1. Is there a residue in the range 53-67 that is closer than 19 Å to residue 104 by Cβ, open to solvent by 40 Å² or more (accessible area, probe 1.4 Å) and within 12 Å of the chain's Cα centre (by Cα)?
2. Output the residue which, of all residues in the range 28-52 that are of a type in the set (S, T, N, Q) and over 15 Å from residue 98 (Cα atoms), is surrounded by the fewest Cβ atoms within 10 Å (Cβ to Cβ).
3. Output the residues belonging to the range 68-100 that are surrounded by fewer than 14 Cβ atoms within 10 Å (Cβ to Cβ) and either of a type in the set (Asp, Glu) or touching a residue at least 60 places away in the same chain (Cβ under 8 Å) (or both).
4. Could you grab me the full set of residues in the range 63-103 that are among the hydrophobic types (A, V, I, L, M, F, W, C), assigned to a loop (DSSP other than H, G, I, E, B) and out of contact with any helix residue (DSSP H, G or I) (no Cβ under 7 Å at 6 or more places or on another chain)?
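The values are calculated or read from the model by the stated rules, or taken from the named source; none is laboratory data. Small disclaimer: the values here were computed from a predicted structure and weren't measured. Quick reminder, even Gly has a Cβ in these numbers, built from the backbone with ideal geometry, and neighbours come from all protein chains shown. Side chains are part of the model used for accessible areas, which takes the heavy atoms of the whole protein and leaves out ligands, DNA and RNA. Shrake-Rupley method; radii C 1.70, N 1.55, O 1.52, S 1.80 Å.
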Amino acid sequence: MTDRIELELKDANAGCACCAAPSNIEASAPVAAPVSEDVLITGMTCSHCVSSVSEELSALDGVESVAVDLNVGGASRVTIHSTAPVDPAAVRSAVEEAGYSLATSQA
């Protein structure tokens, strides 16, 4: 049976639940924009250092990913991608837990 039967429904809100147009579409909640924050960390010299720092920072609430630009002999730039700003004290604590220090300047 391929014949289609038109029901002549004039009201957009009339009909069954599966094909009636919703009359009160709720606005979706705004999605928070991702946050990226750079910190400088001293003392990192190898991939094991990168792994240790990344693991500690990734364990913080809201952190989605961590990217490290290793600079042996200097301050390495670490970018923290998160769903909301991360508490600076928590970042410092995580870095120190991994055995490293935040640089005193972001320059």
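1. No, that holds for no residue.
2. 28
3. The answer is 69, 87, 96.
4. Passing the criteria: 72, 84, 86, 103.
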